[in-house]
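In what follows, a structure is listed as structure tokens, so that the remarks can point back to it.
The values are calculated or read from the model by the stated rules, or taken from the named source; none is laboratory data. This is a predicted model, so every value here is computed, not measured. Heads up, the Cβs are rebuilt from the backbone with ideal geometry, glycines too, and the neighbour counts pull from every protein chain shown. Protein only, heavy atoms only, side chains kept; ligands, DNA and RNA dropped before computing areas. Shrake-Rupley method; radii C 1.70, N 1.55, O 1.52, S 1.80 Å.
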Amino acid sequence: MEDGKDLLLACLKQDAAEKKINRLCELSEEQWEALFNEASRHGLVPFLFQSLKPYLSAGHIPPHFQDRMRSLYYASAARKIRLYHQLGEVVKQFNDQGIPVILLKGAHLARYVYDNMALRPMVDIDLLVKKEDLGTVHHLFLEEGYSTSVENSIANKKHLSAYMKKNRIPIEIHFQITDPPLAERLDISALWARAEKESLEDADVLTLSVEDLFIHLCIHTCVHNAFSNGLITCLDIAQIVLSDRVKIDWEELWHRARELGIERTVYIMLALTEKIIGLPMPRQIAQKIQLNGEVILALEEAENFIFEKEMNVSTSLARLFEKRGWRKKMHYLKARTSPTREAVAARALPEERKNLFQKYQLYLTQIQKLYEEHGKTVLLGLRGDPQTLAAIELQNRQNNLRDWLMHAE
């Protein structure tokens, strides 16, 4: 009997209507439950509901599953209305202060790429601002009643910790779209120069060029998340490619990928989209990389990670356990706990930046935070706990795939 994963993939695939109807007619109550649960796990119930709408009236879907999907669909639509109203207010305040801002990921996609913003899941709002505006943005959010955690942002290389406010969607402020070493190869000023103007609730806002958007999604999914969010990104890519509003310059996209050394990342993401959604890979990209055993294994591993259950071991912690010898472990740990210049600059007042004792406090605070988050896992790993070691092994498999993807062709 097919499991929830297979059923969800069958519903998302671009198959003929008759083939889908025949498949839906054969599903048992148990299979419908498995399908619903798998869609819920990936945040895709609204998308599933929309894709199955043509078959609702024919009686192929049990009424109570229709009701559950419909409820989540309209809840998603209502949440997006609130989200974009909040976002419009924030962008208007940025406009008033002369601060340019770029919408990232879901905030860009749901409104300007998807035909229906209810279909694209969003946990928070991601915005990109320039480094020189971080301090102003931080104090602007505080003045508007948002709160944030200093500790969570100290060691991050691309964004500050989320700004929170009661009855509001969390907002995450980025000053870079990726971590080192990719950040060091990326010309962020060129990315800003290529950004495109849009309007949002009577305010002016920017979005990434379609090629930069595509590359950002590939990096975010393949490098940052090791495909744990890969299913939604396959749908994102399909929506971008099929959209009448945008036209991708595939040669230019590949050129930018080569500059960053992420050709394999782009290729694997498109190959996954072809396999999962049924959207053919563009001819210009298909001919760039030879499909050999190594690439096939990487594609299989990537698909496996999309459906792996998260085991809550960080990338850095897994790499720490992989280091041989205490000297290498301590050197790696020191590098991961050092405060970033951007975080100190954004969080500290000018006179505080000169206070070495306060910077030392930030360093100690970060170590304490890391211990609170990962100390138990480290101890369990050192004691040889089987479940912890299995999670570390899984994370290092993901790390190995990341390393392969980052190896330029």
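Is there a residue in the range 14-23 that is surrounded by 12 or more Cβ atoms within 10 Å (Cβ to Cβ), part of a loop (DSSP other than H, G, I, E, B), at pLDDT below 90 and of a type in the set (D, E, K, R)? Yes, the conditions are met somewhere in the range 14-23.
Quick check on the range 276-290: of everything there that is over 21 Å from A226 (Cα atoms), of a type in the set (A, V, I, L, M) and more than 22 Å from the chain's Cα centre (by Cα), which residue is surrounded by the fewest Cβ atoms within 10 Å (Cβ to Cβ)? Among those residues, the one meeting the criterion is A286. Go through the range 251-275 and give me each residue that's open to solvent by 30 Å² or more (accessible area, probe 1.4 Å) and either aromatic (F, W, Y) or in contact with a helix residue (DSSP H, G or I) (Cβ under 8 Å, 6 or more places away or on another chain) (or both). Of everything in the range 251-275, those that are open to solvent by 30 Å² or more (accessible area, probe 1.4 Å) and either aromatic (F, W, Y) or in contact with a helix residue (DSSP H, G or I) (Cβ under 8 Å, 6 or more places away or on another chain) (or both) turn out to be E251, E252, E259, K275. Taken over the range 57-80, the criterion of being open to solvent by less than 40 Å² (accessible area, probe 1.4 Å), modelled with pLDDT of 95 or more and of a type in the set (F, W, Y) is satisfied by Y73 alone.
Scan the range 51-78 for residues that are of a type in the set (K, R) and in contact (Cβ under 8 Å) with a residue 40 or more places away in the chain and the total you get is 0. Residues in the range 125-149 that are at pLDDT below 95 and of a type in the set (D, E): E132, D133, E143, E144. Of all residues in the range 93-144, those satisfying the criterion of being closer than 12 Å to T207 by Cα and either open to solvent by 50 Å² or more (accessible area, probe 1.4 Å) or outside any helix (DSSP H, G or I) (or both) are P100, V101, I102, L103, L104, R111, V113, D126, L127, L128, V129.
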